[in-house]
Each structure stands twice: as structure tokens, then as C-alpha cells.
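> There's a structure below that I have some questions on.
FYI, it's all coordinate maths here, none of it is from the lab. In this text, all values refer to a predicted model and were calculated from it rather than measured experimentally. Neighbour counts run over all protein chains shown; Cβ positions are idealised from the backbone, glycine included.
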Amino acid sequence: MTHGGSEPDVTVLEQLTRRGDAEILVAGGVTEAAGIRRLRDAGVGGVILGQALLSGALDYRDAVRAAAREP
């Protein structure tokens, strides 16, 4: 799923992941570790962070920690 730069709708994504018949990947709209944690907790399988990482809005190590449930 792509969000055209807007923040992903976690409620809709969680409903899709609960169906269990497809892995959901999100492209765009995530610019902070908290957003990754929200998507992770909703069951999203992956997040494409190209622009957020390239612009420096999000640190790679912070992103990995957020995805891995590390403090």
C-alpha cells in the first residue's frame, strides 16, 4: 500500500492484516520511529522508508530498533 506522503491509516491496515490472507507492506508516510512501531503493532509486514531515510528525517538504526520491538 502506498499513502502518497500522508500518514498511513493504522486502523484500516490492522483490519487488513487480521484477515491473514496477505502480508501488508506500506510505502510512504512514515517519518518517525513511532510510526514504525504503530505499523508493527498493527501487524504490517514491512515499511518502505526511502525518502524518510534519504532526507535524514529518520535514522536507520532507530528504524530497525522500532521494527524489532527494542526499547
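> Could you check the range 50-64 and list, in sequence order, the residues that are touching a strand residue (DSSP E or B) at 6+ places or on another chain (Cβ under 9 Å) and surrounded by 14 or more Cβ atoms within 10 Å (Cβ to Cβ)?
Within the range 50-64, just ALA63 meets the criteria.
> Here are GLU14, GLU7: which of them is at negative phi, outside any loop (DSSP other than H, G, I, E, B) and in contact with a Gly (Cβ under 7 Å, 6 or more places away or on another chain)?
On inspection, the qualifying residue turns out to be GLU14.
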